[in-house]
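Each reported figure results from applying straightforward, stated rules to the coordinates on display, with no laboratory input. Remember, it's a predicted structure, so these values are computed and weren't measured experimentally. Cβ sites come from the backbone with ideal geometry, for glycine too, and all protein chains shown count toward neighbours.
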Amino acid sequence: MADSKSVNVFPSKRTFPPLYSPTGEESIDRLAFFHVLERLKTQKRTGWVDHNIPNSERLAFISDHMYRMAMLAMCSSVPNLDIPKCVMMCIVHDLAEAQVGDITPHEGLTKEEKLKLETEAMRNFVHDMLHSSPAAQRIYALWKEYEDGQTSEAKFVKDLDRFEMASQGKTFEYEERHGVNLQGFFDSSLPWIQHPEVSSWGESLELERQQLNSTNSTANT
């Protein structure tokens, strides 16, 4: 692999890996991008790890999160959304985390600093690795549309992001029963969902959660 650019360090606990330096050979640089995608299969979702959930390493990788979001998008019955576009947006919306990881608000970075890091990572992917190919431009455009959050598709995918996090939280609550308070994950996700269909999914999830909690409380008395 070619020599890499300098490591980025921001005032947080993270030290970011160096950006990729292109070789000029399109096939080599493209393959490097394919290898970078592996990080999404091994990078953990920070929020779950920070809460010391025992099985978070098994259940909470970035790629898992994006895959379920893509499947959720495919399950939508809303006629006025571009569902194929939403599916692709789900797959790329956290792509920058292959370079910078899953940065949370508790790490001391401002939103502007986080966006700067992620934009730098995406430009490294699409320009230096994928040589600004049509595929690269499509990937970047989808990511940028999601970050801008102005289109119906971007807003829908953001709500899927919220619902998926809540769904994962419910899984941890049910499977682990280890006493860790995950209410904050639900409070920061379900009430903020705007799309009617996704909101109805959230209501069903919360009802299921309440029923399970009630059953568990009865069993423990």
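For this structure, a couple of remarks:
- Neighbour cut-off at most 11 other Cβ (10 Å), DSSP loop, trypsin sites (Lys or Arg not before Pro), the stretch 80-176: none
- Residue-wise HN-Hα coupling along the stretch 61-75, computed from phi with Karplus coefficients 6.51, -1.76, 1.60 (Hz; x: Gly, Pro): 8, 4, 5, 4, 4, 5, 5, 5, 4, 4, 5, 4, 4, 5, 7
- Overall dimensions of the stretch 26-219 as given by Cα atoms, namely Rg and Dmax in Å: 17.6, 62
- Karplus (6.51, -1.76, 1.60) ³J(HN,Hα), θ = phi - 60°, over the stretch 119-135, in Hz, Gly and Pro reported as x: 5, 4, 5, 5, 5, 4, 5, 7, 8, 7, 9, 9, 6, 6, 5, x, 5
- Once backbone amide H atoms are built at 1.01 Å from N, F61 has R45 as its partners under 5 Å, excluding neighbours fewer than 5 places away on the same chain.
- Lysine pairs meeting the criterion (Cα under 20 Å, 8 or more apart or interchain), as found in the stretch 68-186: 14
- If R0 is 22 Å, the Cβ-Cβ spacing of K111 and S152 corresponds to a FRET efficiency of close to 0.45.
- Relative contact order computed over the stretch 26-219 (Cα-Cα under 8 Å; 6+ residues apart), in percent: 21
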